[in-house]
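Asks: Quick one: this structure, given as structure tokens, is what I'll be asking you about.
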Amino acid sequence: MMNALKSVLLSIPIAAATMTPLPLLAMDGAELYVTKTCVACHGKDADTPILPIYPKLAGQSPDYAYNQMVDIKSGARDNGMTAAMRGVMHLVTEEEMRVIADWLATLK
């Protein structure tokens with residue numbers, strides 16, 4: 001009985017470790033760009049927005065893109081077309097913003 005209990009208790013950390021979310025590094029910026037709806041306005045290639053007033057995101061500095069997203073989500077940036085973007089920013093965490101921004105910087 002004691003060996004069975006010990007076996008169960010020892011397996012808990014292993015089970016917990018397998019149920020934790022994927023680390024940030026495992027997130028895919030291209031996939032997040034699509035699933036978080038960025039693609040709807042900024043285009044498949046992040047360089048062909050649906051309206052000319054929407055920014056081209058491909059090749060942006062990762063810090064610049066990240067800071068813009070954070071500021072729009074928080075309301076610190078409230079000009080231009082930020083109202084359109086603010087409506088979807090609840091879908092994206094700051095960690096996901098960083099991954100998306102890093103991915104955008106890799107595009108031409």
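The values are calculated or read from the model by the stated rules, or taken from the named source; none is laboratory data. Everything numeric here is computed off the predicted structure, so don't read it as measured data. Quick reminder, even Gly has a Cβ in these numbers, built from the backbone with ideal geometry, and neighbours come from all protein chains shown.
Asks: Inside the stretch 35-82, can you point out the residues that are of a type in the set (G, A, S), assigned to a loop (DSSP other than H, G, I, E, B) and more than 15 Å from K108 (Cβ to Cβ)?
Replies: Hits for the stretch 35-82 are G75, A76, G80.
Asks: For the stretch 14-57, give me each residue that is at pLDDT below 95 and among the aromatic types (F, W, Y).
Replies: Across the stretch 14-57, the qualifying residue is only Y54.
Asks: Here is a check on your reading of the model: is M85 more than 16 Å from A30 (Cα to Cα), crowded, with 17+ Cβ neighbours inside 10 Å and not β-branched (V, I, T)?
Replies: Numbers: more than 16 Å from A30 (Cα to Cα): yes; crowded, with 17+ Cβ neighbours inside 10 Å: yes; not β-branched (V, I, T): yes.
Yes.
Asks: OK, next. Could you please tell me which pairs satisfy a Cβ distance under 6 Å, a separation of 6+ or placement on different chains, a first residue in the stretch 45-72 that is polar (S, T, N, Q), and a second residue that is outside any loop (DSSP other than H, G, I, E, B)?
Replies: Short answer, once both residue conditions are applied: Q60/L104.
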